1. Return the residue satisfying two criteria in turn: it lies in the range 268-283 and is more than 15 Å from PHE199 (Cα to Cα) and out of contact with any helix residue (DSSP H, G or I) (no Cβ under 7 Å at 6 or more places or on another chain), and of such residues it is most open to solvent (accessible area, probe 1.4 Å).
2. How many residues does the range 296-320 contain that are assigned to a helix (DSSP H, G or I) and under 25 Å from ILE55 (Cβ atoms)?
3. So in the range 140-166, with the set limited to residues that are touching a helix residue (DSSP H, G or I) at 6+ places or on another chain (Cβ under 9 Å) and aliphatic (A, V, I, L, M), which one is most open to solvent (accessible area, probe 1.4 Å)?
4. Restricting to the range 44-79, count the residues that are open to solvent by 40 Å² or more (accessible area, probe 1.4 Å) and part of a helix (DSSP H, G or I).
5. Could you grab me the full set of residues in the range 83-116 that are assigned to a helix (DSSP H, G or I) and within 23 Å of VAL209 (Cβ to Cβ)?
6. Which one of the conditions (1) touching a Pro at 6+ places or on another chain (Cβ under 9 Å); (2) farther than 18 Å from GLU275 by Cβ; (3) modelled with pLDDT of 95 or more does ASP175 fail to meet, given that it meets all the rest?
7. Pick out the one residue from ALA265, ALA183 that is in a helix (DSSP H, G or I), surrounded by 16 or more Cβ atoms within 10 Å (Cβ to Cβ) and in contact (Cβ under 8 Å) with a residue 24 or more places away in the chain.
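The values are calculated or read from the model by the stated rules, or taken from the named source; none is laboratory data. Given the structure is predicted, the values throughout are model-derived calculations rather than measurements. Glycine gets a Cβ as well: all are built from the backbone with ideal geometry, and neighbour counts include every protein chain shown. Ligands, DNA and RNA are stripped out before the accessible areas are found, and what is left, the full protein with its side chains, is counted by its heavy atoms. Shrake-Rupley method; radii C 1.70, N 1.55, O 1.52, S 1.80 Å.
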Amino acid sequence: MTVESTAARKPRRSAGTKRTAAKKPPGAQPDLVQLLTPEGKRVKNGEYDAYVADITPEELRGLYRDMVLTRRFDAEATSLQRQGELGLWASLLGQEAAQIGSGRATREDDYVFPTYREHGVAWCRGVDPANLLGMFRGVNNGGWDPNSNNFHLYTIVIGSQTLHATGYAMGIAKDGADSAVIAYFGDGASSQGDVAESFTFSAVYNAPVVFFCQNNQWAISEPTERQTRVPLYQRAQGYGFPGVRVDGNDVLACLAVTKWALERARQGEGPTLVEAYTYRMGAHTTSDDPTKYRADEEREAWEAKDPILRLRAYLEASNHADEGFFAELEAESEALGRRVREVVRAMPDPDRFAIFENAYADGHALVDEERAQFAAYQASFADEGEGSQR
């Protein structure tokens, strides 16, 4: 199986399930910033071309490599969860261009505040994928020092990281630092009060922060049109700062627009909202079944806009990559897959009793009782195993 074929896996609805594609409201078709068409053809954009004008063939191959390896890592993590090695996994399948393009636009001294699906951004910031897997296995609470890579720990509480990012951005502005902050969130989080409050404070204090919304069009089973009457990027107007909608499956456009937005922030021009219009090709998490609420036809239409195939078409048409490059990358992705499996299977099982620790600073009788009950429950499995051998 090639790496690219992962996107073509099609979950099937159970027999008798009927579902039509969600009807889009008037004006919902996006006015996208696009530099690469779905067919891989380069198109001009007078405002953003300058931000990728000096990109080299080597850098283009690097973007392609990032997306391929990130997808492979994500596919392995999904498989490992299905095999019982991880408790849960939130796949980024289909969102590689949005994450790699924006991630590679950041500078080393910029600070990144992710949610829980930004595996591609973590890759760009140099976070070891094993640390991400340890968190979803339950053996650590993040596993990396945020200040080592200027990449904050994953945030499970929806939207709260935008407040953290805004506060941090306000702080570095007061310190006079020549850097910026970028906060990632999804279309579902855009309905949270924390995000609205972040917009308010960042605008009033002219904070150097970029709000990067990956609009994958589904907040679990809730389509975007049930959350907003206008395209999400237009919300920025009400707060007094720019909003831009970019083709989230176009890695060049995501790179260019994010570079522009971060540059604005560093120059003291305040916040920007970037809406990367993309699509979640897989489930919300491995506990979700998207066939219950999403049409096959909708997913198939987006498969034709696959971000990896798009860049590959451009590389081949421009003679920027040959078959040797793609073959070497396929071998590298296989090696990454093996390493991911080995690392996870070498991890210890989570401490089942850790949940009872630090619930109260000085302990609590009820927690002690619950711990004892849980210990007895766990011991019952050992008793059953001994009984079966008698």
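1. At the first step, the residues of the range 268-283 found to be more than 15 Å from PHE199 (Cα to Cα) are 268, 276-283.
Add one more test, that the residue is out of contact with any helix residue (DSSP H, G or I) (no Cβ under 7 Å at 6 or more places or on another chain), and what stays is 268, 277, 280, 282.
Numbers: GLY268: 45, TYR277: 23, ARG280: 2, GLY282: 15 Å².
By that ranking, first place goes to GLY268.
2. Pass one, the range 296-320, residues assigned to a helix (DSSP H, G or I): 296-303, 307-317.
Next, from what is left, pick out any that are under 25 Å from ILE55 (Cβ atoms): 307-317.
The total comes to 11.
3. VAL157
4. 8
5. First, pick out the residues of the range 83-116 that are assigned to a helix (DSSP H, G or I): 96-103.
If the condition is that a residue be assigned to a helix (DSSP H, G or I) and within 23 Å of VAL209 (Cβ to Cβ), then ALA97, ALA98, GLN99, ILE100, GLY101, SER102, GLY103 are the ones that fit.
6. Just one mismatch for ASP175, condition (1).
7. Working: ALA183 fails: in a helix (DSSP H, G or I).
Unique residue meeting the criteria: ALA265.
Here is a yes/no grid of residues against (1) assigned to a loop (DSSP other than H, G, I, E, B); (2) small (Gly, Ala, Ser):
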| position | (1), (2) |
| --- | --- |
| ALA130 | no, yes |
| ILE158 | yes, no |
| ALA196 | no, yes |
| PHE201 | no, no |
